[in-house]
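Asker: Would you mind keeping the following structure in view while I ask a few things?
The values are calculated or read from the model by the stated rules, or taken from the named source; none is laboratory data. Bear in mind that the values here come from a model prediction, so they are computed numbers and not experimental data. All Cβ positions, even for glycine, are placed from backbone atoms using ideal geometry, and neighbour counts span all protein chains on display.
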Amino acid sequence: MARSLNQVTLMGNLTRDPELRQTPSGQSVTSFSLALNRSYKDSTGEWQEATDYVDIVAWGPLAERVSQYLFKGRRCLVQGRLQSRNWEQDGQKRSKVEVLAADVTFLDSRPSETDSSTIDDNAVDQKDSVENNKKNKKATDKSVEEIGDEPINLDDIPF
């Protein structure tokens, strides 16, 4: 039998805050959804916008990090695989295809001003830390004016 490849890479915005839960055995699991925007030309040649929504599941320490640092509207890159689930609800058989995340990369450096209503305490601490680092960097960096107008000798550069 030939081997199969089941690999997914998605980049989009969270449609809702991640939901962190614990299994009875104590394993962390987080579920969230990504909105994936795309453009295409319709039959008249006009550009159209469309959005696809994909459910994502993360387990273990990855689930905890996702629930701690991501929230609605944040951009992220998810790498993982597709998995299907089947269950019965109210006497009807149900099924779902979702992405089982192996890695999640947070793409936003900090929340935008429009997202301030959804910022949790951890995100506020992260934002303050980033701003303090910028202030400290400005205090230690010397501007070109402070260095002077002396010409630079290329032999002094070590590389």
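Asker: What is the residue count in the range 10-30 for residues that are in contact with a Lys or Arg (Cβ under 8 Å, 6 or more places away or on another chain) and in contact (Cβ under 8 Å) with a residue 60 or more places away in the chain? Please lay out each step first, then the result.
Answerer: Filtering the range 10-30 down to residues in contact with a Lys or Arg (Cβ under 8 Å, 6 or more places away or on another chain) leaves 11-17, 28-30.
With in contact (Cβ under 8 Å) with a residue 60 or more places away in the chain added as a condition, the list becomes 11-14, 17.
Counting residues in the range 10-30 that are in contact with a Lys or Arg (Cβ under 8 Å, 6 or more places away or on another chain) and in contact (Cβ under 8 Å) with a residue 60 or more places away in the chain gives 5.
Asker: Let me ask something additional. I'd like to know if the range 38-50 contains one or more residues that are touching a residue at least 40 places away in the same chain (Cβ under 8 Å) and among the charged types (D, E, K, R).
Answerer: no
Asker: So which strands (runs of 3 or more DSSP E) stay within the range 1-79 end to end and still have 3 or more residues that are modelled with pLDDT of 95 or more and of a type in the set (S, T, N, Q)?
Answerer: 28-41
Asker: Report, ordered by the first and then the second residue, all pairs with beta carbons closer than 7 Å, sequence separation of six or more or different chains, a first member in the range 102-115 that is assigned by TED's automatic domain parsing to the domain that holds C76, and a second member that is at pLDDT 70 or above and polar (S, T, N, Q).
Answerer: Going by the 7 Å Cβ cut-off, the qualifying pairs are A102/Q79; D103/Q79.
Asker: Tell me which residues, restricted to the range 79-95, are in contact (Cβ under 8 Å) with a residue 40 or more places away in the chain and farther than 21 Å from N13 by Cβ.
Answerer: Correct list: R81 only.
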